[in-house]
1. Considering only protein heavy atoms and a 1.4 Å probe, what is the carbon-and-sulfur percentage of the accessible area of region 98-185?
2. Per 10 Å bin, what is the whole-percent P(r) computed from every C-alpha pair distance within region 37-161?
3. Could I have the simple spin-label model distance between K170 and K105, label points 7 Å from Cα toward Cβ, reported in nm to one decimal?
4. Going by average Cβ neighbours within 10 Å, how do the peptides 9-18, 72-81 rank, with the highest at the top?
5. Mind checking the full-extension length gain between D133 and E25? Use 0.36 nm per residue of separation minus the Cα-Cα distance, one decimal, nm.
6. For region 63-208, what is the accessible area per residue in Å² when the probe is 1.4 Å?
7. Restricting things to alpha carbons, find the Rg to Rh ratio for region 1-76 using the Kirkwood radius for Rh.
8. Report the gain in length on full extension from E13 to R64: 0.36 nm times residue separation, minus Cα-Cα distance, nm rounded to one decimal.
Amino acid sequence: MKYSIVIPTYNGEKRILTTLSSLKEQTYSNIEIIVINDGSIDNTESVILKFKKDNPKLDIKYQRIENSGPSKARNVGISLASGDYICFLDSDDTYDKDLFLELDKMISKDVDIVYFGYNEYDEDGNLIFKFEDSFKYFFDLSGVEMAKKKYLKETWINNCNVIYKLDLIKKNSISYPEGIYLGEDANFIYKCLFNAKVVKCLPKEYFYNYINKKSLFNSSFSIKNVTEFKAIENTLESKIGRASCRERV
């Protein structure tokens, strides 16, 4: 199997090299790295291009776009992807070196989505959250069943601890909603789940999330964000309710 890893980045010069290096160290080699520079105004581009030049054996696609937000960047990444499966990694986070090796051991063509655990760290590298302390792993569920588990917060799928079959996204014309900066990941995840037949999990933390106090969520939260989340919630209540009725019938 081939795996596409899409990395949107904006002014990521301080940690993008660490993120890319975590992919260089993967013990599974059939991956492509797609970096979308969302109009950075720092030295992000030079860091990426130097890494690309220094690592000619890595399959790296790079594209710079006008600053439009992470949704647009991820959608561009989807359009460039050629793997059997696709995932999204933020430019200040990393994957465990064995992630894709372990994924490839369990994935077959009938699997639409796989999610895995994650840890969160503060800016000093201190562990502040462990997936297994708050959530459960669920095996071999349908997408609707997994959507319920996520909605009820029995387990959790965020933007970077999940991998999707690329055909699932393309055949169902799924994309990130552009023009919003919070809630776009939940919108995308639930659309994928509602179209998925088989969802599996890797019961271990393979994604490492580094919390930036100056992140978009922490710096620009407003009442508009609340209404955005509420709109998503209402949609989910409606869809999950209808799906539950169909299952009972």
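1. Looking at region 98-185 in its full context, I get 47 percent from C and S.
2. So the P(r) values, bin by bin, are 9, 32, 37, 19, 2.
3. It works out to 2.9 nm between the two label points.
4. 72-81, 9-18
5. That works out to 36.1 nm of additional length.
6. Normalised by residue count, the accessible surface of region 63-208 is 42 Å².
7. The Rg/Rh ratio comes out at 0.95.
8. 16.9 nm
The values are calculated or read from the model by the stated rules, or taken from the named source; none is laboratory data. Since we're looking at a predicted model, the values are computed, not measured. Cβ atoms come from the backbone with ideal geometry, glycine included; neighbour counts cover every protein chain shown. These accessible areas exclude ligands, DNA and RNA; they are computed on the full protein's heavy atoms, side chains included. Shrake-Rupley method; radii C 1.70, N 1.55, O 1.52, S 1.80 Å.
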